[in-house]
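The block underneath contains the structure these notes are about, expressed in structure tokens.
The values are calculated or read from the model by the stated rules, or taken from the named source; none is laboratory data. All values derive from a computational prediction rather than experimental measurement. Virtual Cβ from ideal backbone geometry, glycine too; neighbours counted across all protein chains shown.
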Amino acid sequence: MAEMTQITPFIYCRDLEAQRHFFERILGFTCGFQADNYAFLRRDRVAVRLLEVDFDLSDERREQMVYIDVDDVDALWAELEPALSTLPEGRVRPPFNQPYNQREFHVKDEGACLLFFGMAHPFPGDS
């Protein structure tokens with residue numbers, strides 16, 4: 001039987017260059033391909049496909065959410081925090097514990113996507 005190996009979401013944006021630079025500069029992704037209104041970016045085993053669209057993304061019904069599982073959310077936060085601190089207020093939520101046994105931080109991208117970075121219990125240091 002064939003094995004599924006990865007899911008790569010399409011993330012809508014109004015400005016492909018701004019969105020691509022956000023993923024590269026803030027989140028440490030590398031652009032592997034870009035043409036016209038499309039870009040493919042990767043970091044480690046995670047990839048995203050950015051798609052520039054000409055429709056209004058400000059409508060809350062068009063908000064997208066992507067959950068990225070990580071092996072150590074606090075280490076990733078420590079790595080990204082200097083770049084995340086340059087974003088406008090309200091676009092970043094620092095690490096916190098969720099009641100559904102995840103530790104997460106949240107980042108709003110340049111468009112209409114909320115990115116969740118999280119890991120499951122047990123948290124480092126828990127016994």
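Looking only at residues that are outside any loop (DSSP other than H, G, I, E, B) and of a type outside the set (Asp, Glu) in the range 90-104, which one is farthest from the chain's Cα centre (by Cα)?
My answer is ASN97.
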Report task. Might you check whether a residue that is under 16 Å from the mean Cα position of the chain (by Cα), of a type in the set (Phe, Trp, Tyr) and within 17 Å of VAL107 (Cα to Cα) occurs anywhere in the range 33-42? Result -> no
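Given LEU51, LEU87, which one is under 15 Å from CYS13 (Cβ atoms), at pLDDT 95 or above and outside any helix (DSSP H, G or I)?
Checking each option against the conditions leaves just LEU51.
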Report task. Take the range 29-39 and flag every residue that is surrounded by 14 or more Cβ atoms within 10 Å (Cβ to Cβ) and in contact (Cβ under 8 Å) with a residue 12 or more places away in the chain. Result -> PHE29, GLN34, ALA39
Query raised in the report: Among the residues of the range 45-66, is any under 22 Å from GLN102 (Cα atoms) and hydroxyl-bearing (Ser, Thr, Tyr)?
Result: no
Query raised in the report: Which numbered condition trips up VAL66, out of (1) part of a strand (DSSP E or B); (2) under 18 Å from ALA83 (Cα atoms)?
Result: (2)
Query raised in the report: Would it be correct to say that ALA2 is under 18 Å from VAL107 (Cβ atoms), among the small types (Gly, Ala, Ser), surrounded by fewer than 16 Cβ atoms within 10 Å (Cβ to Cβ) and out of contact with any Leu (no Cβ under 7 Å at 6 or more places or on another chain)?
Result: no
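Does at least one position in the range 9-31 carry a residue that is on the phi < 0 side of the Ramachandran plot, assigned to a helix (DSSP H, G or I), touching a helix residue (DSSP H, G or I) at 6+ places or on another chain (Cβ under 7 Å) and not β-branched (Val, Ile, Thr)?
Yes: the range 9-31 contains one or more residues that are on the phi < 0 side of the Ramachandran plot, assigned to a helix (DSSP H, G or I), touching a helix residue (DSSP H, G or I) at 6+ places or on another chain (Cβ under 7 Å) and not β-branched (Val, Ile, Thr).
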Query raised in the report: Restricting the first residue to the range 80-103 and requiring it to be farther than 19 Å from GLU24 by Cα, which pairs with a second residue that is among the charged types (D, E, K, R) meet a Cβ separation below 7 Å and a spacing of at least six or different chains?
Result: PRO95/ASP74; PRO95/ARG103; PRO95/GLU104; PHE96/GLU104; ASN97/ARG103; GLN98/GLU104
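Here are some residues: LEU57, LEU41, LEU50. Which one is of a type outside the set (Ser, Thr, Tyr), touching a Cys at 6+ places or on another chain (Cβ under 8 Å) and more than 23 Å from GLN6 (Cβ to Cβ)?
LEU57
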